[in-house]
Amino acid sequence: MSLLLFWSSPNRDGLTAAAKEALLTGISRAGTAYEEVQLNQCAVLACRACGDGWGNCHARGECVQHDDFSQLYLAMQKAEGIVLVTPVYWHDLSENLKCLLDRVRRCETGHNHFLRGKPCLLTACAGGSGRGAVECLQRMEETTSHLGMTALERLPVTRFNRSYMLTALCGAGEAFALWLQRGKDGSA
Ligand SMILES: Cc1cc2nc3c(=O)[nH]c(=O)nc-3n(C[C@H](O)[C@H](O)[C@H](O)COP(=O)(O)O)c2cc1C
C-alpha cells in the first residue's frame, strides 16, 4: 500500500512544508510507504484547451503536451490514497496544484475515470490573515469530487492554529493511512 502526497509551496521551511511534514510523520507512524512530490519542482504546463476546446484528452484520455504531467497522473492512478497540501493564495489553491488538477480533470471526467472513488485528504495552509482557508478547501473538494474522488478529510491550517494543528495533522495522516490499510469499508 502506498500513498502519494503532493505539496505546492516554493518554501521548504514555511507553514505548508511544516503541514506536509506533520502529515508524513503520521503516515510513517502507521507504517505506510509514501511518495512525496513538491509540485514547484515539476514541469506541469497549463492546459491549452486544444482542438475545439475538448481536446485530445476527451477523445483519448491523454494530454498532447510533453512535460511531467503524464508521470504524475500515472502516479495518482497507482496510489491507494492521495494527500493534497497547498498554500492558500488569494483564497484559492496554488497555481501549481491548480494546473495539475485542471489537466487531470480533462483526462478523467471526459474519458478515463481512473480516479473514481480514490480516497484523498485535503489540506490548505493560509499563512497570512488565515482568511480563505475554508474557501480553498471548498474549491479543492469541488475539483476532487468532480473527479469522483472521495475526500476523507479537509484540514485548514493557519498561523494561529499552527501549534495545535500540526499535532492534529500528524493524527490525520496516521488515521488516513490506517483507514486505507483496513480497507475502505473497514473489512480488510
Ligand atoms: C500570492 C499570495 C496570496 C496569498 N493569499 C493569502 C490568503 O488569501 N490568505 C492567507 O491567509 N494567506 C495568503 N497568503 C499567504 C500564504 O498562504 C502562505 O502562507 C505564504 O505564502 C507562505 O507560504 P508557506 O506557508 O508555504 O511558506 C498569500 C501568499 C501569496 C504569495
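Checked against the criterion of being surrounded by 15 or more Cβ atoms within 10 Å (Cβ to Cβ), in contact with a Cys (Cβ under 6 Å, 6 or more places away or on another chain) and closer than 19 Å to GLU141 by Cβ, the candidates ALA79, ALA124, ALA22 yield just one match: ALA124.
If I filter segment 127-181 down to residues being within 17 Å of the chain's Cα centre (by Cα) and charged (D, E, K, R), which single residue comes out as surrounded by the fewest Cβ atoms within 10 Å (Cβ to Cβ)? In this case the residue turns out to be GLU142. In the condition set (1) among the small types (Gly, Ala, Ser); (2) touching a Cys at 6+ places or on another chain (Cβ under 7 Å); (3) surrounded by 18 or more Cβ atoms within 10 Å (Cβ to Cβ), GLY110 is compliant with all but (3). Taking residues in segment 116-135 that are within 20 Å of LEU23 (Cβ to Cβ), and partners anywhere that are away from the ligand (no atom under 15 Å from the Cβ) and part of a loop (DSSP other than H, G, I, E, B), the pairs with Cβ atoms closer than 7 Å and at least 6 places apart or on different chains are LYS118/MET149; PRO119/LYS184; CYS120/MET149. Scanning segment 110-155 for residues that are assigned to a helix (DSSP H, G or I), away from the ligand (no atom under 11 Å from the Cβ) and within 16 Å of LYS98 (Cα to Cα) yields LEU137, GLN138, ARG139, MET140, GLU141, GLU142, THR143, THR144, SER145, HIS146.
Residues checked against (1) away from the ligand (no atom under 16 Å from the Cβ); (2) within 17 Å of HIS111 (Cβ to Cβ); (3) among the hydroxyl-bearing types (Ser, Thr, Tyr):
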residue: ASP13; (1), (2), (3): no, no, no
residue: GLU36; (1), (2), (3): no, no, no
residue: ALA46; (1), (2), (3): yes, no, no
residue: ALA49; (1), (2), (3): yes, yes, no
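Computed from the coordinates by the stated procedures, all read-outs in this text should not be read as laboratory data. A quick note: this is a predicted structure, and the numbers were derived from the prediction, not measured. Neighbour counts are summed over all protein chains in view; Cβ atoms, including those assigned to glycine, are modelled from backbone coordinates with ideal geometry.
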